[in-house]
1. Is it the case that region 342-357 has a residue that's among the acidic types (Asp, Glu), farther than 23 Å from residue 244 by Cβ and in contact with a helix residue (DSSP H, G or I) (Cβ under 9 Å, 6 or more places away or on another chain)?
2. Just to be sure, is residue 67 hydroxyl-bearing (Ser, Thr, Tyr), out of contact with any Phe, Trp or Tyr (no Cβ under 9 Å at 6 or more places or on another chain) and part of a helix (DSSP H, G or I)?
3. Taking into account only those residues within region 1-30 that are aromatic (Phe, Trp, Tyr) and part of a strand (DSSP E or B), which is farthest from residue 258 (Cα to Cα)?
4. Looking at region 195-244 only, could you name the residues that are assigned to a loop (DSSP other than H, G, I, E, B), more than 24 Å from residue 321 (Cβ to Cβ) and out of contact with any Gly (no Cβ under 8 Å at 6 or more places or on another chain)?
5. From the list 60, 23, which residue is within 20 Å of the chain's Cα centre (by Cα), of a type in the set (A, V, I, L, M, F, W, C) and either modelled with pLDDT under 95 or not assigned by TED's automatic domain parsing to the domain that holds residue 105 (or both)?
6. Of the residues that sit in region 165-180 and are under 24 Å from the mean Cα position of the chain (by Cα) and within 15 Å of residue 212 (Cβ to Cβ), which one is surrounded by the most Cβ atoms within 10 Å (Cβ to Cβ)?
7. Return the residues of region 295-322 that are touching a residue at least 60 places away in the same chain (Cβ under 8 Å) and of a type outside the set (A, V, I, L, M, F, W, C); say none if nothing qualifies.
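The values are calculated or read from the model by the stated rules, or taken from the named source; none is laboratory data. Here the structure is a predicted model, which means the values were calculated and not measured. Reconstructed Cβ throughout: ideal geometry from the backbone, glycine too, with neighbour counts over all protein chains shown.
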Amino acid sequence: MISPKAVYIHIPFCATKCYYCDFTAYVMDGQPVDDYIDALIKEIAITVKDSPPGELESIFIGGGTPTVLTPKQMEKLLKAIDFYFPNKSSLLEYTIEANPGTTTPELLKVMHTGGVNRLSFGAQTFEPHLLKEIGRSHGVGEIATSVQDAREAGFSNISLDLMFGLPNQTVEQMKETLKQAVMLAPDHFSCYSLKVEEGTLFYHLEELGQLPLPSEETEFSMYQLIRDDLRSHGYVQYEVSNFAKEGRESIHNTTYWHNEAYYGFGTGAHGYVHHIRHANIKGIKEYIGRINAGERPILQKEQISAQEQMENYFILGLRLLKGVSLNQFQAQFGIPAENVFGDTLKTLQSKKFLAKEGDILRLTEQGLLFGNDVFAQFLY
């Protein structure tokens, strides 16, 4: 069995909850944060005892907003990670998600000293009124300040998250956001369209007919604008929603797209170890209680069948613009891809959604724009 080389750790606390967010996230006031950190460390200890890690290539602390932790809480967590995962690659990518305005100099120092070498800031938009309309707690000015403070603290690998397709958002506003974003010269961009998820405030407003979303044509224009603009500024699109300067592609996220094993710790976290996918319980108090009782906090787990692994090979792998290898598929699964997905591959190539070069299959320009339709074809 191959040991995981990637770790995901979930911090479910936020200053406020954004109107579109369906992640496991809770407003921090009144939450047992210290008890949660203690339980998180215990979960890590229990798990690595049962499934020892290999040499780590990436660690990702997400949320929620991990940077709402105090420097003391953050230091305790980082020291525990270092203790339980001592075998790290010299090229380790160590990311923490951050909200602009929450990265104080003291916290930045703790993170940098603790081995973190990459920060991912949730900027989302540079339009002040749009930040308010989606429930973000930061202002536009705090984005630039946080990026500058991070660089001064020694961080040389910075990513910005941007969103498009927001309520009342226009193409011109997206153009202005991109203008301000590239001026900060981050190393990486993740650009996602708004998805209205059940259970969110936006879902409720949409049900009432009170969520003025841009048309599909406008959203499409925003995506094309993002691709063209970032390309013109030296960013390479290496995945459907991700762009990077050379050598700054996300190692951790590539683990997901390659359908490789990773640990998942914390409330609501997902992990994938030895072809078993699991999801943790979401309630904070229940999570802490289960851990303190000496139990794994797993809500559900599933052995991933060979068929599903083969489906994921294409569904996830084709998100990468470099495509997938048919030779590698056969080496991994012991059967030619054409024997399993022959009709699907022929259909997608005939529609000009997929192009084949040697043993490599990749999305065409047309396929990229209709990616979800392409990926759905591999589900049996």
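1. Initially, region 342-357 is screened for residues among the acidic types (Asp, Glu), giving 343, 357.
With farther than 23 Å from residue 244 by Cβ added as a condition, the list becomes 343.
Those left that are additionally in contact with a helix residue (DSSP H, G or I) (Cβ under 9 Å, 6 or more places away or on another chain): none.
Within region 342-357, not a single residue is among the acidic types (Asp, Glu), farther than 23 Å from residue 244 by Cβ and in contact with a helix residue (DSSP H, G or I) (Cβ under 9 Å, 6 or more places away or on another chain).
2. On the way: hydroxyl-bearing (Ser, Thr, Tyr): yes; out of contact with any Phe, Trp or Tyr (no Cβ under 9 Å at 6 or more places or on another chain): yes; part of a helix (DSSP H, G or I): yes.
Spelling it out, residue 67 is indeed hydroxyl-bearing (Ser, Thr, Tyr), out of contact with any Phe, Trp or Tyr (no Cβ under 9 Å at 6 or more places or on another chain) and part of a helix (DSSP H, G or I).
3. If we filter region 1-30 for residues that are aromatic (Phe, Trp, Tyr), which is where we start, we get 8, 13, 19-20, 23, 26.
Next cut, part of a strand (DSSP E or B) only: 8, 13, 26.
Numbers: 8: 16, 13: 29, 26: 31 Å.
Among those residues, the one meeting the criterion is 26.
4. 196, 197, 198, 199, 200, 208, 209, 210, 211, 212, 215
5. On the way: 60 fails: either modelled with pLDDT under 95 or not assigned by TED's automatic domain parsing to the domain that holds residue 105 (or both).
That would be 23, the only listed residue that is within 20 Å of the chain's Cα centre (by Cα), of a type in the set (A, V, I, L, M, F, W, C) and either modelled with pLDDT under 95 or not assigned by TED's automatic domain parsing to the domain that holds residue 105 (or both).
6. Going through the qualifying residues, I end up with 166.
7. Of the residues in region 295-322, the ones touching a residue at least 60 places away in the same chain (Cβ under 8 Å) are 296-297, 307, 311, 314-317, 319-322.
If the condition is that a residue be touching a residue at least 60 places away in the same chain (Cβ under 8 Å) and of a type outside the set (A, V, I, L, M, F, W, C), then 296, 297, 307, 311, 317, 319, 322 are the ones that fit.
Rundown of residues vs (1) small (Gly, Ala, Ser); (2) in a loop (DSSP other than H, G, I, E, B); (3) under 15 Å from residue 74 (Cβ atoms), yes/no style:
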residue: 101; (1), (2), (3): yes, yes, no
residue: 110; (1), (2), (3): no, no, yes
residue: 116; (1), (2), (3): no, yes, yes
residue: 121; (1), (2), (3): no, no, no
residue: 132; (1), (2), (3): no, no, no
residue: 135; (1), (2), (3): yes, yes, no
residue: 138; (1), (2), (3): no, yes, no
